Amino acid sequence: YMMYHLTQDQLAHIIFPLGRTYKKDTRRISKEKGLPTYNKAESQDICFLTSESSYVEFLRNHAPEAFRSGNIVDKKGRVLGQHRGIPYYTIGQRKGLGIAARTPLYVTALRPDKNQVVVGDNDDLFRTRLLADELHFTDGEAPAEEFRCQAKIRYGIKVHDCTVTLERNGRAVVKFDEPQRAITTGQSVVFYDDDRLIGGGTIMRAL
């Protein structure tokens, strides 16, 4: 997934020490060799954090200005409540909003420029199109100005059929055949041709 950033020259020099060894076998071998990390918990957050326990704590220490309280609004701009700071929220989040509503509410958008968290119904999370920039293709160039492929909008999910259309400003519009849930600004959208990685880019916003 994240290897779409790499060039052919970089890929030609990569060596994966574990090869085809599965994680469970790596842990077993580590235990047999007496390595103290054989049963260490897996990293589910930013792996380079040491003293801080989470990315939220890291941001609190290094970017405290991001933790300004602000309004939680619906898609029409009506104020429904207050948030504790945008870093506490992610697209698709349901719990911890602190809003009483007749139907479940989800975070559908984050607006740092207005310091707003936007909420809506689950249906509001589904979009078929997104805009991406910072494009990179592993072959050095895109297959065509418009091409069919499969793509995923985050790690750990299945790929979905889509059409990628390049724009002259270095951006691309990705149109999925089926709606995708919780397209998130800043995540990577990565393109595949069956099991071959083509490239990818950074999601600017859902369209």
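Observations, loosely collected:
- Verdict on ASP139 being closer than 28 Å to ARG94 by Cα and more than 18 Å from the chain's Cα centre (by Cα): no
- The stretch 160-199, residues that are within 14 Å of the chain's Cα centre (by Cα) and free of Cβ contacts under 8 Å to residues at least 40 places away in the same chain: GLY186, GLN187
- When restricted to residues that are buried (at least 17 other Cβ atoms within 10 Å of the Cβ) and assigned to a loop (DSSP other than H, G, I, E, B), the stretch 139-153 contains 2.
- Among the residues making up the stretch 82-133, those that are of a type in the set (A, V, I, L, M) and farther than 22 Å from LEU207 by Cα are LEU97, ILE99, ALA100, ALA101.
- Residues (farther than 16 Å from ALA206 by Cα and surrounded by 13 or more Cβ atoms within 10 Å (Cβ to Cβ)) located in the stretch 168-184: none
- Within the stretch 86-102, residues that are without any contact (Cβ under 8 Å) to a residue 60 or more places away in the chain have Cβ atoms under 9 Å from residues that are hydroxyl-bearing (Ser, Thr, Tyr) in these pairs: PRO87/TYR55; GLN93/TYR106; ARG94/TYR106; GLY96/TYR88; GLY96/TYR89; LEU97/TYR89; LEU97/TYR106, counting only partners at least 6 apart in sequence or on another chain.
So that you can scan it fast, the table gives a plain yes or no per residue for (1) surrounded by fewer than 15 Cβ atoms within 10 Å (Cβ to Cβ); (2) over 30 Å from PHE137 (Cα atoms); (3) under 26 Å from the mean Cα position of the chain (by Cα):
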| residue | (1), (2), (3) |
| --- | --- |
| THR21 | yes, no, no |
| ARG27 | no, yes, no |
| HIS62 | yes, yes, yes |
| ASP74 | no, yes, yes |
| ILE86 | no, yes, yes |
| THR90 | yes, no, yes |
| LEU97 | no, yes, yes |
| ARG102 | yes, yes, no |
| VAL107 | no, yes, yes |
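Here, each number is a calculation from the coordinates, and none is a lab measurement. Source: prediction; values computed, not measured. Please note: Cβ atoms are built from the backbone with ideal geometry, for glycine as well, and neighbour counts cover all protein chains shown.
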